[in-house]
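Comments concern the structure below.
The values are calculated or read from the model by the stated rules, or taken from the named source; none is laboratory data. Please read all numbers here as calculations on a predicted model, not as lab measurements. No Cβ is skipped: glycine too gets one built from the backbone with ideal geometry, and neighbour counts run over all protein chains shown.
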Amino acid sequence: MSANERVQFKNPETMPPTFGYTNVVESRSARTIYISGQVPLNKEGQLVGTGDLAAQTRQVFENIKSALDAAEVSFDDVVKLTFFLTDISQMQTVREIRDQYINTVNPPASSAVEVRKLIREDILIEIEAIAVGN
């Protein structure tokens, strides 16, 4: 089954317009990979980008990339991203970095939530992902 048969990206005209995400992503006969929420810690467990949302976001996407690599899939296979930010007004910064990683032609379904705090006071963002593969 080809990638086009395995996953379909849909934005029905009866739903609101999207901005960098897809309203409906349908997966058929595929292996599902769930990636735990990733925070901006490097492989040594050190925080990357103290007080810098852009640097933290980039590290989170690199962590997700490593997880995808471990599952032998790529960002093209990501069907859902969930963002947790301590300041949702900074979402544009996150989107700019996100678009350097995801398939912007068929972007994944997406949710963004502002939270009071994450697992540490100095962490500004956490992202979880779902991918599908063969």
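Residues of region 100-121 that are buried (at least 17 other Cβ atoms within 10 Å of the Cβ) and over 15 Å from the mean Cα position of the chain (by Cα): 118 alone.
Among the residues of region 37-56, write down those that are among the polar types (S, T, N, Q) and surrounded by 11 or more Cβ atoms within 10 Å (Cβ to Cβ).
Going through region 37-56, the residues among the polar types (S, T, N, Q) turn out to be 38, 42, 46, 50, 56.
If the condition is that a residue be among the polar types (S, T, N, Q) and surrounded by 11 or more Cβ atoms within 10 Å (Cβ to Cβ), then 38, 42, 50, 56 are the ones that fit.
When residues in region 1-50 are screened for being among the aliphatic types (A, V, I, L, M) and part of a loop (DSSP other than H, G, I, E, B), 5 of them pass. Checking each residue in region 75-122 for being assigned to a loop (DSSP other than H, G, I, E, B) and free of Cβ contacts under 8 Å to residues at least 24 places away in the same chain picks out 105, 121.
Taking every residue in region 8-19 that is more than 21 Å from residue 30 (Cα to Cα) and pairing it with any residue that is modelled with pLDDT of 95 or more and of a type in the set (D, E, K, R), at least 6 positions away or on another chain, the pairs with Cβ-Cβ distances below 9 Å are 19/95.
Residues that are acidic (Asp, Glu), out of contact with any Cys (no Cβ under 7 Å at 6 or more places or on another chain) and under 17 Å from residue 32 (Cα atoms) are absent from region 99-112. Residue 85 fulfils the conditions (1) over 11 Å from the mean Cα position of the chain (by Cα); (2) surrounded by fewer than 17 Cβ atoms within 10 Å (Cβ to Cβ) except for a single criterion, (2).
Whenever a residue of region 47-67 is more than 13 Å from residue 96 (Cβ to Cβ) and in contact (Cβ under 8 Å) with a residue 60 or more places away in the chain, it has no partner that is buried (at least 16 other Cβ atoms within 10 Å of the Cβ) and acidic (Asp, Glu) lying with C-beta atoms less than 6 angstrom away and at least six residues away or across chains. In region 123-133, the residue that is surrounded by the most Cβ atoms within 10 Å (Cβ to Cβ) out of those that are among the hydrophobic types (A, V, I, L, M, F, W, C) and in a strand (DSSP E or B) is 125.
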